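Data block below; observations after.
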Amino acid sequence: MERIVHYELNICGGDFQHVQDCFEAWKREPLVYRQSRPMFEGKQEVRCLTGRVLDNGELAQGVLARTCSRDDPYALAIEVNDGERDIWLVMAAHLE
């Protein structure tokens, strides 16, 4: 049976230090759709896609999906500022 790559995604505001703090908290929380598995399981840290602030959340999600690898020991974060709010998208890929 072929294993499929899935993505875990979460969002938060603040600066990148706050993103790192949220990431550590998220790792202790179960996935909504699979309560027996913690969020971002196997990912040791979150890394920033430096120099990139996007103005569209869907575009940011696509960039993260193309950049994340299931073999990465980390999650990736990208900042999104749409003119009204400033948020971070955090994503990691894993095999299901």
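The values are calculated or read from the model by the stated rules, or taken from the named source; none is laboratory data. Fair warning: this is a prediction, and the values are worked out from it, not measured in the lab. Neighbour counts run over all protein chains shown; Cβ positions are idealised from the backbone, glycine included.
Quick check: is even one residue across the stretch 58-75 out of contact with any Phe, Trp or Tyr (no Cβ under 8 Å at 6 or more places or on another chain), aromatic (Phe, Trp, Tyr) and farther than 17 Å from Asp21 by Cα? Among the residues of the stretch 58-75, not one is out of contact with any Phe, Trp or Tyr (no Cβ under 8 Å at 6 or more places or on another chain), aromatic (Phe, Trp, Tyr) and farther than 17 Å from Asp21 by Cα, which makes the answer no.
Answer yes if at least one residue in the stretch 43-50 is of a type in the set (Val, Ile, Thr) and within 18 Å of Glu96 (Cα to Cα), and no otherwise. No, the stretch 43-50 contains no residue that is of a type in the set (Val, Ile, Thr) and within 18 Å of Glu96 (Cα to Cα). For the stretch 29-87, the set of residues classified as of a type in the set (Val, Ile, Thr) and either within 12 Å of the chain's Cα centre (by Cα) or surrounded by 13 or more Cβ atoms within 10 Å (Cβ to Cβ) (or both) consists of Val46, Val63, Thr67, Ile78, Val80, Ile87, listed by residue number. State all residues of the stretch 1-17 that are in contact (Cβ under 8 Å) with a residue 60 or more places away in the chain and either on the phi < 0 side of the Ramachandran plot or not in a loop (DSSP other than H, G, I, E, B) (or both); if no residue qualifies, say none. Listed by number, the residues that qualify are Arg3, Ile4, Val5, His6, Tyr7, Glu8, Leu9, Asn10, Ile11, Cys12, Gly13, Phe16. With respect to the stated conditions, Met91 fails to be in contact (Cβ under 8 Å) with a residue 12 or more places away in the chain, crowded, with 18+ Cβ neighbours inside 10 Å, in contact with a Lys or Arg (Cβ under 9 Å, 6 or more places away or on another chain) and closer than 21 Å to Arg3 by Cβ. Do we find that Asp71 is out of contact with any Cys (no Cβ under 7 Å at 6 or more places or on another chain) and at pLDDT below 90 in this structure? In short, no.
Note on the stretch 43-88: residues that are more than 15 Å from Val5 (Cβ to Cβ) and among the basic types (Lys, Arg) total 3.
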